[in-house]
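The values are calculated or read from the model by the stated rules, or taken from the named source; none is laboratory data. These numbers were taken from a predicted model, which means no experiment stands behind them. Virtual Cβ from ideal backbone geometry, glycine too; neighbours counted across all protein chains shown. Accessible surface areas use protein heavy atoms only, side chains included; no ligands, DNA or RNA. Shrake-Rupley method; radii C 1.70, N 1.55, O 1.52, S 1.80 Å.
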Amino acid sequence: MFEIVQIAGQAYKGYGYSFINGKIVFIPFVETNEKVAIKITKEKKDYCLAEVVDILESTKTRKKPFCKYFGLCGGCHYQHIHYNQQLNIKSQILKNILKRIGHISLDNIEIIKSKQTFYRHRVKFQKKAEKIGFFKQNSNEFLEINYCPILVKLINSYIKNHKDLEIEVDSFFKLATNKNEPLRIDLSFIAKDAYIDYKMGSFTQVNLDANKTLINLILNLVKGENVFEAFCGIGNFTIPLALKNHKVEAFEIDELSIETLKQNAKRLSLDIKTTQCDLNKPINYKKPIDTLILDPPRSGSLNLMHFINNKKPNQVIYVSCEPPTLARDLSILKNYTLEKIFLLDMFPNTYHFETIAVLSLISK
Ligand SMILES: C[S@@+](CC[C@H](N)C(=O)[O-])C[C@H]1O[C@@H](n2cnc3c(N)ncnc32)[C@H](O)[C@@H]1O
């Protein structure tokens, strides 16, 4: 049975929402104010999921998606919406989440755009027999692809030319860049000939252009000499900060990442103290901190919030890929004002984005 609804607003994770008999219904690939015919696909106690059967009235910001797999593939959520409107939606969603979960009201979010296609440098493919693909939207069903306009052109050429090779799916980029050569983050925009070499297996940012913007933003924001950096990975921020003469101590759980950071620091003759540790456990750190930077996984970091409340660094820079945990964590901080929030669109055409929150201590 079909229902006709008007889209009331946009929710996180790419959905629009509407209500049927007071119950919220989440619908992908729509935009606020559109009138659509939908079919309910899942009914839960508190909400329903639905799919669009027909668009009866569309918005002016709707456009034709540029990828033939859009709507089938689980990767993109917003190709049907003009880019500036995607940014408005993301910023509104961030504001709503900060208010609802963190009780934080904000007038201003500074939006930083990035390149809309061919930006992704790393990917995890699914493989079925000799075929390469992704999972379909909200399922484990395989979808064969021969092209992805979100991935960099190098990876696309690899899909075309080497489709029938036996490959480890998460080593795809390594193979595409010639077997065992180390991968590289170029830092020559900070210091001549500077770079970070790394191997597959550690976390790295997937959009290298937007990553440059992120590094520059952090370098411009950081105040003071002594920096405590939590969840440092392979040193994506650590090495640039040390190149700019900050005294950084970096903390991370992953052994390979810490080893990679150390090797890169050694080659660049940088004096960086690293600690391999689980930041969910109590942190014992006695030295003064001017700026604390954290870039946790999606789960956020309640433990770091308690550490910050006790330690009281002058400045906190929180880099987050998951607004709900960011909002939860910020609401716990005592004695800090939120100076600025940036929305860096690292993942155009998907619902994902990075948020950078800058806070300063009100009083010790
Ligand atoms: C979002 S990444 C950020 C890495 C780095 N800032 C970058 O830009 O590449 C999060 C990092 O946190 C690390 N991590 C996850 N859980 C952790 C924990 N409990 N303690 C310490 N580090 C952790 C991961 O290994 C990963 O390197």
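Rounded to the nearest Hz, the phi-derived 3J(HN,Hα) couplings of the stretch 27-32 under the Karplus curve 6.51 cos²θ - 1.76 cosθ + 1.60 (θ = phi - 60°) are 9, x, 6, 10, 9, 3, where x marks glycine and proline.
In the complete set of protein chains, residue-level accessible area for Cys232 is approximately 10 Å², probe 1.4 angstrom. Less than 5 angstrom separates the built amide H of Ile20 from those of Val25, all sequence-distant by 5 or more or on a different chain. Karplus-based coupling profile of the stretch 138-155, in residue order and whole Hz: 6, 7, 9, 7, 6, 10, 5, 10, 10, 6, 8, x, 8, 7, 4, 5, 4, 5, with θ = phi - 60° in 6.51 cos²θ - 1.76 cosθ + 1.60 and x standing for Gly or Pro. Which residues make up the longest stretch of the chain that has no GluC sites (Glu not before Pro) in a DSSP loop with at most 14 other Cβ atoms within 10 Å? The longest uninterrupted stretch comes out as 226-364.
Secondary-structure-derived ellipticity at 222 nm for the chain, considering helices only, amounts to -7000 deg cm²/dmol, per-run term -39500 (n - 2.57) for DSSP H runs with n ≥ 4. Size descriptor for the stretch 1-86, Kirkwood hydrodynamic radius: 13.1 Å (Cα pairs only, one decimal). Each residue of the stretch 121-132 was assigned a 3J(HN,Hα) from its phi angle through the Karplus expression (A = 6.51, B = -1.76, C = 1.60, θ = phi - 60°), giving 9, 9, 8, 10, 8, 9, 10, 9, 6, 9, 9, 10 Hz with x at Gly and Pro.
Of the whole protein surface, Ser58 contributes about 70 Å² of accessible area at a 1.4 Å probe radius.
Pull up the cross-link candidates among the aspartates and glutamates for Lys39, meaning alpha carbon to alpha carbon under 14 Å and not fewer than 8 places away within one chain. Within the straight-line limit of under 14 Å, Lys39 reaches these aspartates and glutamates: Glu3, Glu51, Asp54.
For Lys312, a cut-off of 23 angstrom between C-alpha atoms picks up these lysines, skipping any fewer than 8 places away in its own chain: Lys223, Lys247, Lys273, Lys281, Lys286, Lys287, Lys334, Lys340, Lys364. Between Lys286 and Asn140, the modelled label-to-label distance comes to 5.1 nm, taking each label 7 Å out from Cα in the direction of the beta carbon. Over the chain, what is the relative contact order in percent, taking alpha-carbon pairs closer than 8 angstrom and at least six residues apart? Normalised by residue count, the contact order of the chain is 14 percent. Computed over protein heavy atoms with a 1.4 Å probe, the accessible surface of the chain works out to 49 Å² per residue.
Ellipsoid fit via the Cα gyration tensor, the chain: semi-axes of 36, 28, 17 Å, each the root of five times an eigenvalue, largest first.
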